[in-house]
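Shown next, in structure tokens, is the structure this report addresses.
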Amino acid sequence: TKKKRQNASTSLRALPAPRRLARLPKMSPCSAADVATLTASGMTQAVVDVICETGATAIERRSLTVAANELAITGLQGAANTNLLLFCSALVFFMQAGFAMLCAGSIRSKNVMNILIKNVLDACVGALAFFAVGYGLAYGRKTNKDTAGDYIGEGNFFLSNSATLTGEGWAHFLFNWAFAAAAATICSGAMAERTQFVAYLGYSALL
């Protein structure tokens with residue numbers, strides 16, 4: 001009521017100037033429309049608060065909004081690239097199933113189990129070999145600052161630089177491994193019933 005307001009006003013005037021300013025509400029240069037625009041651009045509430053408290057002008061706020069949008073677009077592009085690589089890796093890896101059915105239909109029934117196991121081990125042995133030397137020979141660099149060799153990769157064997165790989169880098173490795181494993185399986189039909197099991201695994205690792 002009126003009496004309470006008068007008491008609050010009197011107590012505020014009795015305070016020293018610094019304490020009186022501290023009790024007063026802070027005036028933000030951002031209007032409600034400005035806050036809504038900054039929030040809609042993808043900025044977090046903490047970033048919006050900092051921008052408004054520093055008293056950034058409309059031009060400065062616009063430039064910050066553009067920078068935030070560019071950062072968001074860059075992140076979206078990286079996520080899209082990673083998802084595309086993972087999807088394509090799954091498609092390529094399903095070629096293993098197709099080659100398994102082709103090989104199983106091209107040989108005698110007593111050897112079907114043998115050729116199916118060989119197709120499974122193509123992926124397993126291929127993963128180990130590609131992890132150990134294949135990826136390094138294809139894309140290896142001694143350090144992240146170096147460029148790959150003119151003819152063949154010179155580093156990153158056993159993924160020694162894996163600590164610096166991003167999500168897209170791991171997806172790139174998976175995509176190329178799926179192709180390497182599929183390449184080994186392509187020849188398995190021609191070698192069916194003609195190669196010993198151990199010899200076939202050695203060929204698969206080498207390929």
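The values are calculated or read from the model by the stated rules, or taken from the named source; none is laboratory data. Fair warning: this is a prediction, and the values are worked out from it, not measured in the lab. Neighbour counts are summed over all protein chains in view; Cβ atoms, including those assigned to glycine, are modelled from backbone coordinates with ideal geometry. The area values use the complete protein model at the heavy-atom level, side chains included, leaving out ligands, DNA and RNA. Shrake-Rupley method; radii C 1.70, N 1.55, O 1.52, S 1.80 Å.
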Give me the residue from the range 24-41 that is surrounded by 10 or more Cβ atoms within 10 Å (Cβ to Cβ) and more than 38 Å from the chain's Cα centre (by Cα) and, out of that set, modelled with the highest pLDDT. Pro29
Take Phe131 and tell me if it is over 30 Å from Gly42 (Cβ atoms), within 22 Å of the chain's Cα centre (by Cα) and either not polar (S, T, N, Q) or not in a helix (DSSP H, G or I) (or both). yes
Which of the residues belonging to the range 154-207 are part of a helix (DSSP H, G or I) and among the β-branched types (Val, Ile, Thr)? Thr164, Thr185, Ile186, Val198
Scanning the range 85-106 residue by residue, those open to solvent by 30 Å² or more (accessible area, probe 1.4 Å) and over 24 Å from Phe173 (Cβ atoms) turn out to be Met101, Leu102, Gly105, Ser106
Residue in the range 113-128 that is loosely packed, with under 15 Cβ neighbours inside 10 Å, modelled with pLDDT under 85 and either in contact with a strand residue (DSSP E or B) (Cβ under 8 Å, 6 or more places away or on another chain) or in a helix (DSSP H, G or I) (or both) present: no
Can Gly155 be described as within 26 Å of Leu86 (Cβ to Cβ) and surrounded by fewer than 18 Cβ atoms within 10 Å (Cβ to Cβ)? yes
If I ask for residues that are free of Cβ contacts under 8 Å to residues at least 40 places away in the same chain and among the β-branched types (Val, Ile, Thr), which ones from the range 68-86 would you list? Ile73, Thr74
By residue number, the members of the range 176-207 that are crowded, with 20+ Cβ neighbours inside 10 Å and among the aromatic types (Phe, Trp, Tyr) are Trp177, Tyr200
So Arg141 fits all but one of (1) among the basic types (Lys, Arg); (2) over 27 Å from Gly78 (Cβ atoms); (3) open to solvent by 20 Å² or more (accessible area, probe 1.4 Å); what number is the exception? (2)
Pairing a residue in the range 179-194 that is over 18 Å from Val92 (Cβ atoms) with any residue that is part of a helix (DSSP H, G or I) and open to solvent by less than 40 Å² (accessible area, probe 1.4 Å), where Cβ atoms lie under 6 Å and the two sit 6 or more apart in sequence or on different chains, gives Ala192/Cys103; Ala192/Ile115; Glu193/Asn111
